[in-house]
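The values are calculated or read from the model by the stated rules, or taken from the named source; none is laboratory data. Every value quoted in this text rests on a predicted model; they were computed, and no experiment measured them. Note: ideal-geometry Cβ built from the backbone for every residue, glycine included; neighbour counts use all protein chains shown. For the accessible areas, the whole protein counts, side chains as well, though only heavy atoms, and no ligand, DNA or RNA atoms are used. Shrake-Rupley method; radii C 1.70, N 1.55, O 1.52, S 1.80 Å.
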Amino acid sequence: MAFTTYTDLKNTIADYLARDDLATQIPDFVRLAEERLRRDLRIRQMLKVSTATTTADDSTVSLPADFLAMKEMHIDSSPVGSLTFQTTSNFFTNTRVTDKGQPVFYTLLGSEFQFAPIPDSAYTVRMVYYYKPDFLSGSNASNLFLANAPDLLLYGALAEAEPYLMNDERTQTWATLYERGLQALRTSDDDAEYPSAPMAITLSKKR
């Protein structure tokens, strides 16, 4: 059965479970599977570009509300200002955390980015980050996970039914299929981003 909407997905899960007493729990299984995919999956379709502006004498900027993980960050200037990530311990021991100027380093602290040196004026920070897709619901019939990884949503939701299925042998099969699909999607995404053969540029000869 093909499923492209939240309703389709819930019906497919019900068919797989072959239980007529779990209709109330199925939305919870889906939500738990989405939470798991937020932790497990990083594919290019989850990338978003956003900007933020620093304030003079303030070393912090709030994370975007839908932030999952950073891929790249730089100062939007001419020339472009590089920003290098540091672990928290390295940030506070090896960077210029008390200096002021254009930021060169950043780290993550709670719900904020912290920069060093401390910005001495307003700088535009451009971020490329992995974002949290909106959850499926009665008012949100599809999302990035359902469009790009429907099998992972299905098997993840089925695996979350394990506490209700007790010793059902199918739960291990669903868990295995989830992990296999996750690895295949990661490999496919890597292959699409990085060509298998180095790119070559051919220069035409002048005549």
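From the residues in region 1-41 that are open to solvent by less than 80 Å² (accessible area, probe 1.4 Å) and outside any helix (DSSP H, G or I), which one is nearest to D191 (Cα to Cα)?
Looking at residues that are open to solvent by less than 80 Å² (accessible area, probe 1.4 Å) and outside any helix (DSSP H, G or I), I get L41.
Output the qualifying pairs, or none if there are none: Cβ atoms under 6 angstrom, residues six or more apart or on different chains, first residue in region 148-172 and farther than 18 Å from A184 by Cβ, second residue open to solvent by 40 Å² or more (accessible area, probe 1.4 Å).
Going by the 6 Å Cβ cut-off, the qualifying pairs are E160/L32; T171/E162.
Which one is nearest to the chain's Cα centre (by Cα) among residues in region 54-103 that are open to solvent by 50 Å² or more (accessible area, probe 1.4 Å) and of a type in the set (A, V, I, L, M, F, W, C)?
A65
Residues in region 42-88 that are free of Cβ contacts under 8 Å to residues at least 40 places away in the same chain and touching a Gly at 6+ places or on another chain (Cβ under 7 Å): how many?
Final tally of qualifying residues: 0.
On the phi > 0 side of the Ramachandran plot and free of Cβ contacts under 8 Å to residues at least 12 places away in the same chain: is that true of G101 in this structure?
So G101 fails the test.
In region 1-26, which residues are of a type in the set (K, R) and either free of Cβ contacts under 8 Å to residues at least 12 places away in the same chain or under 16 Å from S137 (Cβ atoms) (or both)?
Within region 1-26, K10 is the sole residue that qualifies.
Would you mind stating whether S78 is assigned to a loop (DSSP other than H, G, I, E, B) and among the polar types (S, T, N, Q)?
Yes.
Quick test for you: out of F29, F85, pick the one residue that is among the aromatic types (F, W, Y) and more than 21 Å from S137 (Cβ to Cβ).
After ruling out the rest, the residue left standing is F85.
Are any residues in region 27-47 farther than 23 Å from R180 by Cβ and in contact with a helix residue (DSSP H, G or I) (Cβ under 8 Å, 6 or more places away or on another chain), and if so, which ones?
P27
Within the bounds of region 122-134, is there any residue that is in contact (Cβ under 8 Å) with a residue 60 or more places away in the chain and under 15 Å from A33 (Cβ atoms)?
yes
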